[in-house]
1. Mind jotting down a quarter of the surface of the convex hull over the alpha carbons of segment B:145-239, in square nanometres, one decimal?
2. Where both residues lie in chain B, what percent of DSSP beta bridges are antiparallel, nearest 5?
3. Determine the percent antiparallel among the DSSP beta bridges restricted to the protein assembly as shown, to the nearest 5.
4. Could you state, as a whole-number percent, how many of the C-alpha pairs of the protein assembly as shown are farther apart than 37 Å?
5. Placing unit charges on C-beta atoms (Lys and Arg positive, Asp and Glu negative, everything else neutral), compute the dipole magnitude of segment A:40-131 about its Cα centre in debye, rounded to 20.
6. Per residue of A:269-279, count partner chain C-beta atoms within 10 Å of its C-beta, then hand back the mean as an integer.
7. Taking a temperature of 10 °C and a viscosity of 1.306 mPa s, what whole-number D in µm²/s does Stokes-Einstein yield for chain A with Rh from Kirkwood over alpha carbon pairs?
8. Treating only the Cβ of Lys, Arg, Asp and Glu as charged (+1, +1, -1, -1), what charge dipole size does the protein assembly as shown show about its Cα centre? Round to the nearest 20 debye.
Amino acid sequence: MSLLSVRDLSVKFAMRDNTVTALNQISFDLAKGERLGIVGESGAGKSITGFALMNLLSRPGFIDSGKIMFLGDDIVQMPEAKMRNIRGNKMAMIFQDPMVTLNPVLTIGQQMVETLMAHRKLSKAEAEQIAIVKLREVYIPSPEDRLEQYPHELSGGMRQRIVIAIALLLDPQLIIADEPTTALDVTIQADIMELLLELCQSNKVGLILITHDLGVVSQMTERTLVMYAGRIIEAGRTREIINDPQHPYTQGLINALPQQTKPGQRLKQIPGSMPSLTAIPKGCPFSPRCEFVKDRCHTEAPETVQYANVEVACHEVNRLHTDKAEEIKA
Amino acid sequence: MTTPQPLLEIRNLEKRFELDRGFLETLKFRGGKFVREKRAVHAVNNISLQVAPGEALCVVGESGCGKSTVARLIAGLLNPSAGEIHYDGQRIDNRSRRTLMPLRKKMQMIFQNPYASLNPRMTIQQALEEPVRYHNPSLSRGELRDKVAEVMRAVGVDPSWSSRYPHEFSGGQRQRIAIARALTVDPEFIIADEPISALDVSIQAQVLNLMLEAKDQRGLTYLFITHDLSVVQHFGTKVAVLYLGSVCELSDTATLFENPKHPYTRALLSAVPQLKDDHPNHIRLRGEIPTPINMPKGCPFESRCAHANSRCSAEQPRPIQQPDGSLVACHAVEEERLDG
């Protein structure tokens, strides 16, 4: 049985005169202990997806239609009281900036004990013991002393470890990490990623990793969703998507990386930029930036089709392939 | 290697920011009596660099290593605590604003956040016109307009949009306009402080291409501050790796990526998430960056280095020229303890 199953999920934002669509009928599954990456640029709908899964969307955003089945229950229909029990307990979230996640006026110990006692019948001393064990799991040196410290006394990398320790406190089955290392330096990022990977593997925790960094996705996840303008435009095994992307946007995104071009030469850029939610182009949302665009791309939204081991939403996916075949022949 | 006359030369540059400013703040109670003590953040410690005309020197390092301070010192936005900065044979540090004026025309800066570096209440025309008018007061209105239209076209923004305000543009377009603003006065040297870090991947490529184009067409020299090593490899001709305010390795880009020598450079390179590498093999660093307030006596990297010994904690390593031309400040490299 899959841990999470999202079907035709649409999220809209109510504006003064109309509503805009932030997520357009996205569907995906996550098996127990599976690691899934969601990539895309700002405005693609990655973070909205994360919030929707936690049922944390606040006005003017709302879930318009669709189902989010988590361990057999539909989160969309769930009463808030029951949802509170799932949040933190079964499903936890890690955000980009640990300084915003942690409460600056409470000690690390207070924040951890509070979470534990809210969900489980424990004495304070028992809760502290669990907190110390969890801090040790994320390699925090001298965890007993850390319980007494405030977030500002710790470095950025240390804070993010503590956020991870708090996320793991109640042994959740799913962690949603929204750009967990974007605010950190590369050496610290490598450390945190290694830690997250290790914890997910050893505890069989499912991971949804939301990021703009294809390198991170490539090292961390088994499957990847590529999002553009609120839709999933390509989905499949991470290796397949990195090595042989089918959608022109995914191809463009990978080719635009400086590693893909010889030093000093012109990078292969994608023209234009991500459309704003109020002005998503008709038909295929990527059509104004696409080099393979045809007439029907402007009028007809592409269906998701299975192609070369990945699911891709593009009218011209066949043409791309024949072109490539010709290139190889020539 | 024959080095041409450097366009920019930094000698033994230092910058300290004092933490305790008032008299009362400097009083500390130690061992039963009051002592006067001034703490300072040692942001830049004894850095020497040279940039030859046409080069693109990249300065890399993690947050707090002093990259941006170096940029600001060179641009004359901060005054150094010690050391000298020479531009085209002239000494330029600690100058008055007035005497810096002709220099500002030659040296322009691009900042990280295009939302903050463009005045929201000025149209693009006004924003781009201002520096030209300031530096060339004799130009007529028509000439000004032509100049602005020319740079806008050069950065790929339609000149007919010049009466719009910054908020009407996307992040990528805004950064192009910020670059256009730097180019309006026909500078020869550009200091770019993390110019693409705030942008999306597909937009990063657009802006990086634009900067490369400007380099070729206008013969620009760059000092490029970044934390992103893949950008360095693509853009830079030379790289300086900074750690805690000191240069630990200075070398040609190709040499640095082929054969990194300093333990910190190696760790930094191995930490970059690779696209096609299934089994990342990254060198784990112990601990975190120490604060630049109480600087360690020996090598700044000693507390996190796997190769440190007693000499490293006692004596600060000097940059030593390697056979392939790179400069490396490391006792372990000097003693050949690393690859054995």
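The values are calculated or read from the model by the stated rules, or taken from the named source; none is laboratory data. Computed from a predicted structure; not experimentally measured. Don't worry about glycine lacking a Cβ; one is built from the backbone with ideal geometry, like all the others, and counts go over all protein chains shown. Ligands, DNA and RNA are stripped out before the accessible areas are found, and what is left, the full protein with its side chains, is counted by its heavy atoms. Shrake-Rupley method; radii C 1.70, N 1.55, O 1.52, S 1.80 Å.
1. 6.1
2. 60
3. Approximately 60 percent, going by the DSSP bridge assignments.
4. 45
5. Here segment A:40-131 has a charge dipole of around 220 debye.
6. 4
7. 75
8. Dipole about the Cα centre, nearest 20: 1640 debye.
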